[in-house]
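The values are calculated or read from the model by the stated rules, or taken from the named source; none is laboratory data. Owing to the predicted nature of the structure, the values given are computational and were not obtained by experimental measurement. Here the Cβ positions follow ideal geometry from the backbone for every residue, glycine too, while neighbour counts run over all protein chains shown. Accessible surface is based on the protein model in full, side chains and every heavy atom, while ligands, DNA and RNA are left aside. Shrake-Rupley method; radii C 1.70, N 1.55, O 1.52, S 1.80 Å.
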Amino acid sequence: MRRISLTRVFSFSAAHRLNSDALSHEENKQIFDKCNNYYGHGHDYSVEVTVQGTPDSETGMLIPLPQLDTAVTEFLTTLEHKHLDLEAPYFKDKISTGENIVRYLWNELDKRLPAGKLFHIRLWETNNNYFDIGKDA
Ligand code: NI
């Protein structure tokens, strides 16, 4: 059977600063460069959420769009216009890299969507870089 998937795109804006307490000031500067700016900086993140499975025989859909939208936007609203390091408890002890943010998104969205539906998430941080997490990864 062929896999069918649906991808829907969401966005949120947030600030962060890449800095490790385990590293020296110079090391932080060298590794994180501009992203180590003391006062932080912001991104307009784009989030591509892919669900997969067998379409429902009645609706012909993998998931009703309002259900998907509600699950994702309810969570992303908690990050909207926040400073991730200061306001999202998940990042109290983790650096808010794209890698860690996309993992956080997976953990939270997987809980909010019907079991087994979430297949892949792509987090765009800038026009030049994105982070992927998925079932096959
Ligand atoms: Ni950044």
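Selection of segment 78-93 for residues being without any contact (Cβ under 8 Å) to a residue 40 or more places away in the chain and under 27 Å from Gln52 (Cβ atoms) yields Thr78, Tyr90. Scanning segment 19-28 finds no residues that are among the small types (Gly, Ala, Ser) and within 20 Å of Ala115 (Cα to Cα). Residues in segment 7-37 that are of a type in the set (Gly, Ala, Ser) and within 11 Å of the ligand (Cβ to nearest atom): Ala14, Ala15. Looking across segment 14-30, the residues that are touching a residue at least 12 places away in the same chain (Cβ under 8 Å) and either among the aliphatic types (A, V, I, L, M) or open to solvent by 30 Å² or more (accessible area, probe 1.4 Å) (or both) come down to Ala14, Ala15, Arg17, Leu18, Asn19. Beta carbons closer than 8 Å, at least 6 apart along the sequence or on distinct chains, pair a first residue in segment 104-117 that is in contact (Cβ under 8 Å) with a residue 24 or more places away in the chain with a second that is surrounded by fewer than 13 Cβ atoms within 10 Å (Cβ to Cβ) and outside any loop (DSSP other than H, G, I, E, B) for Arg112/Glu74.
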